[in-house]
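To start, the structure itself, in structure tokens.
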Amino acid sequence: MTPTSPAAVEEKETGRIEAFSDGVFAIAITLLVLELKVPHLAPNAPGGELGAALLAQWPSYLALVTSFFAILIMWANHHAMFNMIRRVNAPFLYANGFLLFVVTIVPFPTALLAEYFERPAAPIAAAVYGGTYVVGAFAYNLLWKRAIAGRHLLKSDVSEERIDRMTRSYRVGVPLYVIVNGPPLAPETAKLPVRPEIVLKFVCTAAAAPLARLHPSGLAHTIAAHVSAESGHRRLLEALGLPPLLDLGMRLGEGSGACLAVNIVRSALECHTRMASFAEAGVSEK
């Protein structure tokens, strides 16, 4: 019998959990389409009536597209993480299970948002929808922490620089989703102080887009950190009227734009709040 090489053992050990995870992602992303309903009209209904009925379901289309790409990006991040992992242990398995649990419930808040998008309860539906991704971001951080604990699960060729880069990227996720789905929901109703909120990456902009519909000033205090190299992100920012602070050609999934943009916004606020007026500085008006 030919002995099994270490590489083959590693591939077999992670292959089973990857196959199971891919199946969960595939089922969740497929279930999203069930929210699309065939309009039930009279047998002799004209084509224009059918067209109007289909157009009336636009909240379902928006929720479907947003959730589809959100799950797709979650799967891509999951795949990228597993490219660095050679083996698994029990804590990692349970952390991965928690992430998959979040993925499986995405179709529910998607259907909820589509149903209540144009109703008074829309902010609550949006909060549930956004809250799901907040929990998902937390699940990714938990899974990554289990993966890098002691470096026992990582491949030997994974550098410390790559680990630090991934850690910083995941660290941005939770506060970012809280920012996008928290105070911007209804700042006037909640009587919260208005402060600038930063949106970055394609998926975060897509998550913030419904606020423009749910609340007249939902994005009034939102700043686009940077525009992604993906053309869709640029078009979405233009539709929302959010000019990006930075355009550095960075692609989907990079959180570096937020780190740079935060410093720009912080510097601008420092100049605004700390700079003395002409009167305070004793400058002559002449």
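For the reader, a short list of remarks on this structure follows.
- Karplus-derived 3J(HN,Hα) values for the range 116-126, using 6.51 cos²θ - 1.76 cosθ + 1.60 with θ = phi - 60°, are 10, 4, 10, 10, x, 7, 4, x, 5, 4, 5 Hz; glycine and proline are entered as x.
- Applied to the range 140-152, the Karplus parametrisation 6.51 cos²θ - 1.76 cosθ + 1.60 on θ = phi - 60° returns per-residue 3J(HN,Hα) values of 5, 4, 5, 5, 5, 5, 5, 5, 9, 4, x, 6, 6 Hz, with x for Gly and Pro.
- Rounded to whole Hz, the Karplus (6.51, -1.76, 1.60) HN-Hα couplings of the range 53-66, x for glycine and proline: 5, 5, 5, 5, 8, 4, x, 5, 5, 4, 5, 5, 5, 4
- Whether the range 56-149 is rounded, prolate or oblate, judged on the alpha carbon gyration tensor where a/c under 1.5 counts as rounded: prolate
- Chain lengthening between residue 152 and residue 34 when straightened (0.36 nm per residue, less Cα-Cα): 38.3 nm
- Other-chain or far-sequence residues with amide H under 5 Å of residue 226's (modelled H): 201, 245, 246
- Reciprocal mean inverse distance between Cα atoms of the range 31-74 - Kirkwood radius, Å: 11.8
- Database remark: amide H of residue 154 closer than 5 angstrom to the amide H of 86 (H placed geometrically; neighbours at sequence offset of 5 or more, or on other chains; Pro and chain starts carry no H).
FYI, it's all coordinate maths here, none of it is from the lab. Owing to the predicted nature of the structure, the values given are computational and were not obtained by experimental measurement.
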